[in-house]
Amino acid sequence: MSELQSPQYQAYLRRNKRRKRLIWVTRTLLLLLFILSWEVSTALHWVDSMLTGAPSKIIASFQEYVFRSGILYHSWVTTYETVIGFLLSMVIGFILSILLWYSPFLSRVLDPYLVVLNALPKVALGPIFYIWLGDRLSIYGMAVAISVIVTILMLNAGFQELSGSQLKLMQSFGANRWQILRYVLLPASIPDFVATMKVNVGLTLVGVIMGEFLSSKAGLGYLILYGGQIFQMNLVMTSIVLLAILSIILYGIVSFLGNLLLRKYHFQ
Amino acid sequence: MKVIEFKEVSFRYFSPSKETEALKNVHFQVTEGEMVSIVGPSGCGKSTLLSLISGMAFPSQGEVKLFNNKVKEPSHRVGYMLQHDHLFPWRDILSNLLLGAQIRKMDVNEAKKRALYLLEKYGLGDFAHFTPGQLSGGMKQRVALIRTLVVQPDMLILDEPFSALDYQTRLRLSDEIWHIIRDQKKTAVIVTHDLSEAIAMSDRVLVMSKRPGTIKSEHLIHFAGKRPSPLQVRQQSDYQEYFNDIWKELDGDE
């Protein structure tokens, strides 16, 4: 590099790098410390390992969970349900929010209903989904119910940001509402769409686990509930750890795809 | 030939709490090839007036005619340039220029040729495949003007086209835009709150009163010899006189 780098700038870069490394090291230490104190406090019987499980036992019986409890199969079921639920709620939310934009009358009419549906704890609808959709499909019902309203509200808020003078420009070319949608609204709301996807994937996972709690024969939610009932805290803890990993992976994939989309349309 | 004709035009608009009279008895004409500026205090209905010309609003009373036809819908003969360029970041410069042609379902290949020609002609030939974010504010505003020229309007209306720019860019750009409009032999109506810009750019200045807006006075801007460009105008000895006259007119409203 031919650029000028003063000693002060180099020192600044070094400081930045060191600080970054320190943050990573502290993070890792914090996790290790947590696991260690968990292990020690159960080993020394400060707490009852029947109630908390213990890291060493989790590791020791992981093989058993994989082969006898089929924990990876259950993770896969939850993943599958979350992906389907996510796609369903994005598609439904997207179509409905376009409809609400297209017809301001409809939007005004439905506004109070959306507010109520947003405030309502969707978990309360669980038994209804169970009766209407049966034990398998009710999971999707729950997943969509929890994530779709927020999706509609977020996408719609993005659509409302379309400025008056952008509309004026389009009208000056004689654009109809469909053309405004196609040429401005959809591409302009890609950043909102990406933000909505990120929120949606988390909420869908909540819905899926909730649905599995209420009615299911498989999935991490089922396994957590089952493990609790037979007092197998190690199984519960392992399932939770896998769930955490799963949620990070799903979120990561969605952010990655979102960033690709943003870059493709020059928002980044 | 008369391009624009306002006959005793009034315009009222409604909100749930009140009725507002925005324009009252507006009466004026613009002939082919003229550049006319409209100045007036803010909120006097200047932009409303442009909406009436472009067919996005219709008079409550009176009549607005474009090329001797009553305005009933947005006309393809009018090009509209706004304060903000609104070049879309997901389109490169060339495809931003084709927006109007796509909406109007014109021959896109023909439009592309025109767009490239105009870009080349007005010094932006190298930027066809840049994204808007890579251009300066002044360049983007020039692209915005070219975007309206690509659909081949017979006349242009410009709504505060320079007010989002810094002072220096503003002076230079008003000169460039003036040259382009002259060069293309377009009739133009420019709304501005900048008095010196109005004098520098136009053949005639219409002064509006505060709301309900009406045309208070008309000032022909004329210089001996060849019409100087906006940058030169500001150095003419007559310029200050025009400025003082119109200033007094506007000041009478306070």
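Hand me the list of helices (runs of 4 or more DSSP H) wholly inside the range B:81-128 holding 1 or more residues that are basic (Lys, Arg). Break it down into steps so the answer makes sense when it comes.
Numbers: elements: B:93-97, B:99-103, B:108-121.
In the range B:81-128, B:108-121 are the helices (runs of 4 or more DSSP H) which contain 1 or more residues that are basic (Lys, Arg).
For the range B:68-89, which positions are more than 22 Å from B:Ala101 (Cα to Cα) and touching a strand residue (DSSP E or B) at 6+ places or on another chain (Cβ under 9 Å)?
Listed by number, the residues that qualify are B:Asn68, B:Lys70.
Going by the structure shown, is B:Phe223 aromatic (Phe, Trp, Tyr) and without any contact (Cβ under 8 Å) to a residue 40 or more places away in the chain?
On the way: aromatic (Phe, Trp, Tyr): yes; without any contact (Cβ under 8 Å) to a residue 40 or more places away in the chain: yes.
Against the criterion (aromatic (Phe, Trp, Tyr) and without any contact (Cβ under 8 Å) to a residue 40 or more places away in the chain), B:Phe223 qualifies.
Could you tell me whether B:Phe130 is among the aromatic types (Phe, Trp, Tyr) and open to solvent by less than 30 Å² (accessible area, probe 1.4 Å)? I'd like the intermediate steps shown before the answer.
Working: among the aromatic types (Phe, Trp, Tyr): yes; open to solvent by less than 30 Å² (accessible area, probe 1.4 Å): no.
Here the answer is no, as B:Phe130 does not meet what is asked.
Any residue at all in the range A:211-227 that is more than 14 Å from every other protein chain (Cβ to nearest Cβ) and farther than 19 Å from A:Asp135 by Cβ? So that I can check it myself, show each step before the final result.
Going through the range A:211-227, the residues more than 14 Å from every other protein chain (Cβ to nearest Cβ) turn out to be A:211-227.
If we keep only those that are farther than 19 Å from A:Asp135 by Cβ as well, we get A:227.
Yes, the range A:211-227 has at least one match.
Whether any residue in the range A:121-142 is open to solvent by less than 70 Å² (accessible area, probe 1.4 Å), within 24 Å of A:Pro191 (Cα to Cα) and touching a helix residue (DSSP H, G or I) at 6+ places or on another chain (Cβ under 8 Å) is what I want to check.
No - not one qualifying residue is present in the range A:121-142.
Pairs needed: first member in the range B:122-144, in contact (Cβ under 8 Å) with a residue 24 or more places away in the chain; second member anywhere, part of a helix (DSSP H, G or I) and open to solvent by 30 Å² or more (accessible area, probe 1.4 Å); C-beta distance under 7 Å; at least 6 residues apart or different chains.
Every condition considered, the pairs that remain are B:Tyr122/B:Arg142; B:Leu124/B:Met139; B:Leu124/B:Arg142; B:Ala128/B:Leu116; B:Pro132/B:Lys140; B:Leu135/B:Phe127; B:Gly138/B:Arg172; B:Arg142/B:Glu176.
Conditions (1) under 27 Å from B:Arg182 (Cβ atoms); (2) open to solvent by less than 60 Å² (accessible area, probe 1.4 Å), marked per residue:
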{"site": "B:Glu5", "(1), (2)": "yes, yes"}
{"site": "B:Arg12", "(1), (2)": "no, no"}
{"site": "B:Val30", "(1), (2)": "yes, yes"}
{"site": "B:Met35", "(1), (2)": "yes, yes"}
{"site": "B:Ile38", "(1), (2)": "yes, yes"}
{"site": "B:Ser42", "(1), (2)": "no, no"}
{"site": "B:Gly45", "(1), (2)": "no, yes"}
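Taking interchain pairs and intrachain pairs at least six residues apart, which have beta carbon atoms under 7 angstrom, with the first residue in the range B:1-16 and outside any strand (DSSP E or B) and the second open to solvent by 30 Å² or more (accessible area, probe 1.4 Å)?
Once the first residue is outside any strand (DSSP E or B) and sits in the range B:1-16, its partners that are open to solvent by 30 Å² or more (accessible area, probe 1.4 Å) give B:Met1/B:Thr31; B:Met1/B:Glu32.
Does the range A:212-236 hold any residues that are open to solvent by 60 Å² or more (accessible area, probe 1.4 Å) and either within 13 Å of A:His74 (Cβ to Cβ) or assigned to a helix (DSSP H, G or I) (or both), and which are they? Give the steps one after another, and end with the answer.
Quick first cut of the range A:212-236, residues open to solvent by 60 Å² or more (accessible area, probe 1.4 Å) only: A:213-214, A:217, A:222, A:225-226, A:229-232.
Once the filter is applied, which keeps residues that are open to solvent by 60 Å² or more (accessible area, probe 1.4 Å) and either within 13 Å of A:His74 (Cβ to Cβ) or assigned to a helix (DSSP H, G or I) (or both), the range A:212-236 yields A:Phe213, A:Leu214, A:Lys217, A:Tyr222, A:Leu225, A:Tyr226, A:Gln229.
Restricting the search to the range B:59-82, which residues are within 14 Å of another protein chain (Cβ to nearest Cβ) and closer than 18 Å to B:Asp159 by Cβ? Explain how you work it out, then say what you get.
Taking the range B:59-82 first, the residues within 14 Å of another protein chain (Cβ to nearest Cβ) are B:66, B:71-82.
Listed by number, the residues that qualify are B:Leu66, B:Val71, B:Pro74, B:Ser75, B:Arg77, B:Val78, B:Gly79, B:Tyr80, B:Met81, B:Leu82.
Within the range B:89-108, restricting attention to residues that are touching a residue at least 24 places away in the same chain (Cβ under 8 Å) and facing chain A (nearest Cβ under 7 Å), which residue is surrounded by the fewest Cβ atoms within 10 Å (Cβ to Cβ)?
B:Arg104
Could you tell me whether the range A:58-78 includes any residue that is acidic (Asp, Glu), without any contact (Cβ under 8 Å) to a residue 60 or more places away in the chain, outside the structural domain of A:Gly207 (by TED's automatic domain parsing) and within 26 Å of A:Ile230 (Cβ to Cβ)?
Start the filter on the range A:58-78 by keeping residues that are acidic (Asp, Glu), which leaves A:64.
Now restrict to residues that are without any contact (Cβ under 8 Å) to a residue 60 or more places away in the chain: A:64.
Retained after the next criterion (residues that are outside the structural domain of A:Gly207 (by TED's automatic domain parsing)): none.
No - not one qualifying residue is present in the range A:58-78.
Among (1) touching a Phe, Trp or Tyr at 6+ places or on another chain (Cβ under 8 Å); (2) under 17 Å from A:Leu205 (Cβ atoms), which single condition is A:Val144 missing?
For A:Val144, the failing item is (1).
Of the residues A:Ser147, A:Ser172, which single one is within 14 Å of another protein chain (Cβ to nearest Cβ) and either closer than 27 Å to B:Leu82 by Cβ or of a type in the set (Ser, Thr, Tyr) (or both)? Steps first, please.
Values: A:Ser147 fails: within 14 Å of another protein chain (Cβ to nearest Cβ).
Selected residue: A:Ser172, the only one of A:Ser147, A:Ser172 that is within 14 Å of another protein chain (Cβ to nearest Cβ) and either closer than 27 Å to B:Leu82 by Cβ or of a type in the set (Ser, Thr, Tyr) (or both).
What about A:Ile146, is it open to solvent by less than 50 Å² (accessible area, probe 1.4 Å), part of a helix (DSSP H, G or I), over 30 Å from B:Asp154 (Cβ atoms) and touching a Lys or Arg at 6+ places or on another chain (Cβ under 7 Å)? Outline the logic, then answer.
Working: open to solvent by less than 50 Å² (accessible area, probe 1.4 Å): yes; part of a helix (DSSP H, G or I): yes; over 30 Å from B:Asp154 (Cβ atoms): yes; touching a Lys or Arg at 6+ places or on another chain (Cβ under 7 Å): yes.
Criteria met by A:Ile146.
Go through A:Ser239, A:Ser247 for me and flag whichever is in a helix (DSSP H, G or I), away from chain B (no Cβ under 14 Å) and within 16 Å of the chain's Cα centre (by Cα).
Details: A:Ser239 fails: within 16 Å of the chain's Cα centre (by Cα).
Of the residues listed, the single one that is in a helix (DSSP H, G or I), away from chain B (no Cβ under 14 Å) and within 16 Å of the chain's Cα centre (by Cα) is A:Ser247.
Has the range A:177-192 got any residue that is away from chain B (no Cβ under 14 Å), touching a residue at least 60 places away in the same chain (Cβ under 8 Å) and open to solvent by 50 Å² or more (accessible area, probe 1.4 Å)? Step through it out loud before you land on a result.
Applying the first criterion (away from chain B (no Cβ under 14 Å)) to the range A:177-192 yields none.
Among the residues of the range A:177-192, not one is away from chain B (no Cβ under 14 Å), touching a residue at least 60 places away in the same chain (Cβ under 8 Å) and open to solvent by 50 Å² or more (accessible area, probe 1.4 Å), which makes the answer no.
What is the residue count in the range B:196-237 for residues that are open to solvent by 40 Å² or more (accessible area, probe 1.4 Å), assigned to a helix (DSSP H, G or I) and at pLDDT 80 or above?
Residues meeting the conditions: 2.
For the range A:68-91, indicate whether the set of residues that are within 21 Å of A:Ile209 (Cβ to Cβ), open to solvent by 30 Å² or more (accessible area, probe 1.4 Å), outside any helix (DSSP H, G or I) and not basic (Lys, Arg) is non-empty.
No, the range A:68-91 contains no residue that is within 21 Å of A:Ile209 (Cβ to Cβ), open to solvent by 30 Å² or more (accessible area, probe 1.4 Å), outside any helix (DSSP H, G or I) and not basic (Lys, Arg).
The values are calculated or read from the model by the stated rules, or taken from the named source; none is laboratory data. For clarity, every value in this text was computed on a predicted model and none was experimentally measured. Neighbour counts run over all protein chains shown; Cβ positions are idealised from the backbone, glycine included. Ligands, DNA and RNA are excluded from the accessible area calculation, which covers all protein heavy atoms including side chains. Shrake-Rupley method; radii C 1.70, N 1.55, O 1.52, S 1.80 Å.
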